[in-house]
Amino acid sequence: MATPYSYSTKIAGVTFDNPNGTSRQSLIQGLRKREQLKLVDCSSTEYPEAIGVFNMSSEQLGFLPKEDARLIRILGKDINSLVCLVRSVGRTNVYKPYGVQIVIGESYQAASDKLNELEKPQSYSYQTPSTNSYSYSSMNTTNTKNRNSGCASPIMIGIIITVAVLAPILYVVFKVINFFK
């Protein structure tokens, strides 16, 4: 049996007011995590793939981003059967508008499972050449370090690994550019 379809995205068009004058920003501030929303076909000649996002009182909060709406239409998903849950509501600073992260699934269970997956703390660990071990958890922002001797910080190690990976790629790119000069 195929895994139920689910993914996370954001609501677009949240800074506009609705045609009846209702502020979408005011509606969004009242949303709660895991609140169920509904998707509505809002296609028109100007926007043939538009899918609106509404609260359960049928007040529009915005639209799915056009790439997401296009994907749902290409996959042939029935918009009315998809379940949409609020993942988070927030803003980056007091001068920015509120935004909404949502999860869309083929069933309530699929959307809820995706939310649970996204809420799990992510842990990263790696071993340095000098046998120092580092770990990081997204829920606990403190880094732990096992010291045997002085060693580079986790940030420095990340930079070194990034450079080590990018150097051969950049070398090939420059070779190709020089070949065509």
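Numbers for the structure displayed
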| item | result |
| --- | --- |
| Residues E119, E59 arranged by fewest to most Cβ contacts within 10 Å | E119, E59 |
| Under 5 Å, built H, 5+ apart or other chain: amide partners of L37 | C84, L85, V86 |
| Relative contact order (%) - criterion: Cα under 8 Å, at least six apart; region: segment 1-61 | 27 |
| Segment 6-119: radius of gyration over Cα atoms, expressed as a fraction of 2.2 N^0.38 Å | 1.01 |
| Within segment 32-107: Cβ-based charge dipole about Cα centre, in debye rounded to nearest 20 (Lys, Arg +1; Asp, Glu -1) | 420 |
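Read-outs: derived from the displayed coordinates by stated rules, not from any lab. Remember, it's a predicted structure, so these values are computed and weren't measured experimentally. A quick note on method: Cβ atoms are made from the backbone with ideal geometry, for glycine too, and the neighbour counts reach across all protein chains shown.
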